[in-house]
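Right, one structure below, let's go through it.
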Amino acid sequence: MIYEDGAPFTHAVFPHEGVLSLMAVMQDGRGVEKTSIGLEGFLGFVLLMGGGNAISRSIVRVSGYASLMPIPDLDAALERFPCVGETILRYAKLLITQTMEAVACNSLHVAEQRIARWLLHALDRVTGDAFQITQQALSEVLGLRRATVNEVCSRLQDDGILVYWRGSLAVLNRDALESRSCECYRRVRRLSL
């Protein structure tokens, strides 16, 4: 875990590779991903809107590496270099779009499309075609039953689209995975290029 909901921010986190998940956690312990962050953005965006505390539990979902920037240094960079603020505003548009698409996708699309969308976004944020993630983690991210994730991943594996082994996944045919996704992936991808 990077930050617990309500914890004070001490550093902004800039991922270079990997996926950070911002989770909504209910009182009963169940959770679902609100949004995710990769190399296109940073954790700590709420600081720019006048908040000093995390508004979600943030965890590393797919391992990678990142740079940490103390909050006073981020404030100084924003003040000294206007282009930093402009870049962050562009990221804000992407983050809002990504979050809204995820809400629509999770409401309107079937499990296979949602899983394909999430895996494609993860692929965009890592080097290569493989990364570590458990079926349990995918079920938490997407608010699906683990059995549903297992069924979909088994079908994608049987169709030669990916190979899944204990806690890891490799995409063998990205084009086929994109064809199993919905328009939500393409909409967000277009903005992030």
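Numerical summary
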{"quantity": "10 Å binning of all Cα-Cα separations within segment 110-192, expressed as whole percents from 0 upward", "calculated": "19, 58, 23, 1"}
{"quantity": "Residues THR99, THR87 arranged by fewest to most Cβ contacts within 10 Å", "calculated": "THR87, THR99"}
{"quantity": "Relative contact order %, segment 11-106, counting alpha carbon pairs below 8 Å whose residues are six or more apart", "calculated": "35"}
{"quantity": "For the chain, calculated [θ]222 nm from helices alone, where every DSSP H run of n ≥ 4 adds -39500 (n - 2.57)", "calculated": "-14500 deg cm²/dmol"}
{"quantity": "Highest-MSF residue in the chain out of ARG30, ARG145, ARG155 [GNM, Cα springs under 10 Å]", "calculated": "ARG30"}
{"quantity": "Span from the segment 109-134 Cα centroid across to the segment 8-54 one, whole angstrom", "calculated": "19"}
{"quantity": "Under 5 Å, built H, 5+ apart or other chain: amide partners of THR35", "calculated": "LEU22"}
{"quantity": "Dimensions in Å of the chain - Rg and Dmax from alpha carbons", "calculated": "16.9, 54"}
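Laboratory data are not the source of any read-out in this text; all were calculated from the coordinates shown. Being a predicted model, the structure only gives us computed values, none of them experimental. Counting neighbours? That spans all protein chains shown, and the Cβs are built from the backbone with ideal geometry, glycine included.
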